[in-house]
1. Can you tell me how the chain classifies by the Cα gyration tensor, rounded, prolate or oblate, using a/c under 1.5 as the rounded cut?
2. Rounded, prolate or oblate for the stretch 112-239? Axes are the square roots of the Cα gyration tensor eigenvalues, ordered a ≥ b ≥ c, and the cut-off for rounded is a/c under 1.5.
3. Which residue, Val235, Val274, Val131, tops the fluctuation ranking in a GNM of the chain built on C-alpha contacts under 10 Å?
4. Which whole-Hz ³J(HN,Hα) couplings does the stretch 178-189 yield from phi under the Karplus relation 6.51 cos²θ - 1.76 cosθ + 1.60, θ = phi - 60°, glycine and proline marked x?
5. Excluding same-chain residues fewer than 8 positions from Lys166, which lysines have a Cα within less than 29 Å of its Cα?
6. Spin-label point model (7 Å from Cα, Cβ direction): what's the Lys234 to Val274 distance in nm?
7. Quick check: the distance between the Cα centres of the stretch 202-233 and the stretch 71-125, to the nearest angstrom?
8. On full extension of the chain, what length is gained from Glu217 through Lys101, given 0.36 nm per residue of separation minus the C-alpha to C-alpha distance?
Amino acid sequence: MPFEDFIDYLSLEKHYSAHTITAYQRDLDSFLTFASEGYDYNSIKNVNYSVIRSWIVSLVDSGITNRSINRKVSALKSYYKFLLKTKQIEINPLSKHKALKTSKKIQVPFSEKEIENVLELLEDANDFEGVRNKLIVELFYSTGIRRTELVNVKLKDVSIAQKSIKVLGKRNKERIIPLLSSVTKSIEAYLLHRNQLEHITDSDYFFLSLKGVKIYETLVYRIINSYFSKASEKVKKSPHILRHSFATHLLNEGADLNAVKELLGHSSLASTQVYTHNSIAQLKQVYKNSHPRNTKQ
């Protein structure tokens, strides 16, 4: 495999997720194919920027979005940084490259009413899957954890006594998030049903399927999409929108930005600030409705 050392570096030193590593491998293979077929390179270590630029142009011509192209180039840039670090090259051909312009994607959070409606749908759940699914919705909305974090929560990570949950975030960074009393009650209900499963294969993991194996990300997406399709007309109905709702609603209620950053497990404040536009919009509405100088129509 031409990029084996780099892939090992991403996995063992950078602790990238398997999903990210697979994407990097795919993007590097794609560029190697382009450089090989179009310019007779058998390695991309020493290609010049003109070849990379031609690749980018071909991607644009094929109709790929600028956001996706930037992601592919980012994989390539990381590879050249690795080659520099390991002294396999002396010049990074992408050192002066500027990313293609992209429009900012504004994620529209669920309203508090929409979330309440979904929880009402699940209020009377009394079988294993119904109780589990209710807890999944509650955990997403009350903690803001990522889908992959939820899937990988283990039994030992959940403390009812301490009302907390420990999650393993990006770059294997651990964080402990407090739990609401209502959520701990749902956890207790779920554990009762979990303990009654006939067969449990993945006993270490907290969330299981009816067959007793660890749940997977696609199933979690389907659960969220299914319930919120009944309560919301928004185009995107995913676990990430619940994470977005968690952050936005906290900020709307006056939560400190740094505190929200820690809860979300962001490495930089800039990542958290993308959630503030809804808070600002809410503040503007409050200002408009409340200020005595505003002329009400």
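1. Oblate is the answer for the chain, as a/c is 1.5 or above yet b/c matches or exceeds a/b.
2. Because its axes are fairly even, with a/c under 1.5, the stretch 112-239 counts as rounded.
3. Between Val235, Val274, Val131, it is Val235 that shows the largest mean-square fluctuation.
4. x, 10, 6, 4, 5, 6, 5, 5, 5, 5, 4, 5
5. Lys166 reaches Lys14, Lys113, Lys134, Lys154, Lys156, Lys185, Lys211, Lys214, Lys236, Lys237, Lys261.
6. Taking the two extended label points, one gets 1.4 nm.
7. 23 Å
8. 38.7 nm
Read the figures in this text as sums done on the coordinates, not as results from a lab. Everything quoted here is computed from the prediction, not taken from an experiment. As a convention, Cβ positions derive from the backbone with ideal geometry for all residues, glycine included, and neighbour counts pool all protein chains shown.
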